[in-house]
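Structure first, commentary second.
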């Protein structure tokens with residue numbers, strides 16, 4: 001049978017999601033924990049492969065196994081074998097052809113920026129710091145051109161292996177709450193470093209280093225070398241993965257982040 005599971009993790013001390021030789025990765029930790037519960041080796045497939053330092057509140061994974069376990073056993077059994085910075089939130093049996101990545105119809109990311117003169121102390125690895133004042137309204141206006149279906153070649157990493165750079169952005173918003181500026185973006189899929197590259201452009205616009213129309217120019221240029229600096233990974237969170245209603249997997253209720 002095929003089991004889907006919801007996962008959250010603090011990416012600060014991980015070298016990303018994907019298994020790598022001699023590196024601590026989220027996938028390796030989860031596979032080891034679930035394999036112990038199943039008493040057999042398991043392969044874990046995820047909805048979105050996060051990079052080094054990137055966090056997740058709503059990651060979704062799936063496994064295929066013939067080990068008969070109750071959903072409660074998958075959750076609490078895995079958590080008893082996981083380190084403190086990874087947690088399985090829920091588990092449920094899904095259709096035989098369900099795939100955590102390919103069955104997803106949308107993903108939602110949030111990028112958090114601490115905008116104040118002094119750097120973060122307690123949350124240093126969980127938020128990006130920008131000491132210069134940011135104009136969040138200007139950033140929000142600049143982001144409007146990114147809505148809809150576009151060729152996002154200018155916002156993909158050079159090593160991105162996606163077959164096409166075309167993605168549909170359903171929603172992108174920039175909001176300020178006190179010293180926190182949040183960029184939230186939902187799309188049918190994301191290219192490698194796409195959110196961080198968008199954040200880098202919007203940060204430059206918010207600081208006044210570039211005109212508000214620069215985001216549109218970068219998008220139209222389809223040239224990564226003209227797209228500015230990739231924003232740091234610390235402020236990036238995979239918030240939710242969306243699936244068709246027939247799969248019975250609801251996005252998690254938005255959680256108040258500790259800022």
Within segment 38-71, the residues that are within 15 Å of residue 1 (Cα to Cα) and surrounded by 15 or more Cβ atoms within 10 Å (Cβ to Cβ) are 38, 42, 44, 45, 61, 62, 63, 65, 67, 69
Residue satisfying condition, being in a helix (DSSP H, G or I), out of contact with any helix residue (DSSP H, G or I) (no Cβ under 8 Å at 6 or more places or on another chain) and farther than 20 Å from residue 242 by Cα, within set 206, 200 = 200
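Results for (1) assigned to a helix (DSSP H, G or I); (2) touching a strand residue (DSSP E or B) at 6+ places or on another chain (Cβ under 8 Å); (3) surrounded by 17 or more Cβ atoms within 10 Å (Cβ to Cβ); (4) not assigned by TED's automatic domain parsing to the domain that holds residue 38, shown as yes or no for each residue.
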{"position": "73", "(1), (2), (3), (4)": "yes, no, no, no"}
{"position": "79", "(1), (2), (3), (4)": "yes, yes, no, no"}
{"position": "84", "(1), (2), (3), (4)": "no, no, no, no"}
{"position": "88", "(1), (2), (3), (4)": "no, yes, yes, no"}
{"position": "96", "(1), (2), (3), (4)": "no, yes, no, no"}
{"position": "118", "(1), (2), (3), (4)": "no, no, no, yes"}
{"position": "138", "(1), (2), (3), (4)": "yes, no, yes, yes"}
Give the residues of segment 157-190 that are closer than 18 Å to residue 233 by Cβ and modelled with pLDDT under 95, sorted by residue number.
-> 157, 158, 159, 160
Within segment 210-233, of all residues that are at pLDDT 95 or above, touching a strand residue (DSSP E or B) at 6+ places or on another chain (Cβ under 8 Å) and outside any helix (DSSP H, G or I), the one surrounded by the fewest Cβ atoms within 10 Å (Cβ to Cβ) is 232
Qualifying residues in segment 1-32 (those that are more than 22 Å from the chain's Cα centre (by Cα) and surrounded by 15 or more Cβ atoms within 10 Å (Cβ to Cβ)) - the one nearest to residue 77 (Cα to Cα) = 32
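Is it the case, given these coordinates, that residue 37 is in a helix (DSSP H, G or I), touching a helix residue (DSSP H, G or I) at 6+ places or on another chain (Cβ under 6 Å) and either in the same structural domain as residue 128 (by TED's automatic domain parsing) or farther than 23 Å from residue 233 by Cα (or both)?
yes
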Taking the residues in segment 236-246 that are modelled with pLDDT of 85 or more and over 11 Å from residue 56 (Cα atoms) as candidates, determine which candidate is surrounded by the fewest Cβ atoms within 10 Å (Cβ to Cβ).
-> 245
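Conditions (1) free of Cβ contacts under 8 Å to residues at least 40 places away in the same chain; (2) closer than 21 Å to residue 104 by Cα, marked per residue:
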site: 16; (1), (2): yes, yes
site: 25; (1), (2): yes, no
site: 29; (1), (2): no, no
site: 34; (1), (2): no, no
site: 46; (1), (2): no, yes
site: 55; (1), (2): no, yes
site: 81; (1), (2): no, no
Do we find a residue being buried (at least 22 other Cβ atoms within 10 Å of the Cβ), closer than 21 Å to residue 112 by Cβ and touching a residue at least 60 places away in the same chain (Cβ under 8 Å) anywhere in segment 161-177?
-> no
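Residue-wise test of (1) in contact (Cβ under 8 Å) with a residue 60 or more places away in the chain; (2) surrounded by fewer than 14 Cβ atoms within 10 Å (Cβ to Cβ).
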{"site": "103", "(1), (2)": "yes, no"}
{"site": "113", "(1), (2)": "yes, no"}
{"site": "121", "(1), (2)": "no, yes"}
{"site": "132", "(1), (2)": "yes, yes"}
{"site": "143", "(1), (2)": "yes, no"}
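A quick yes/no check of all residues on (1) touching a helix residue (DSSP H, G or I) at 6+ places or on another chain (Cβ under 7 Å); (2) within 28 Å of residue 127 (Cα to Cα):
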residue	(1), (2)
19	yes, yes
67	yes, no
77	yes, no
101	no, yes
Within the bounds of segment 23-30, is there any residue that is closer than 19 Å to residue 68 by Cα and out of contact with any helix residue (DSSP H, G or I) (no Cβ under 8 Å at 6 or more places or on another chain)?
-> no
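The values are calculated or read from the model by the stated rules, or taken from the named source; none is laboratory data. These numbers come from a predicted model, not from an experiment. As a convention, Cβ positions derive from the backbone with ideal geometry for all residues, glycine included, and neighbour counts pool all protein chains shown.
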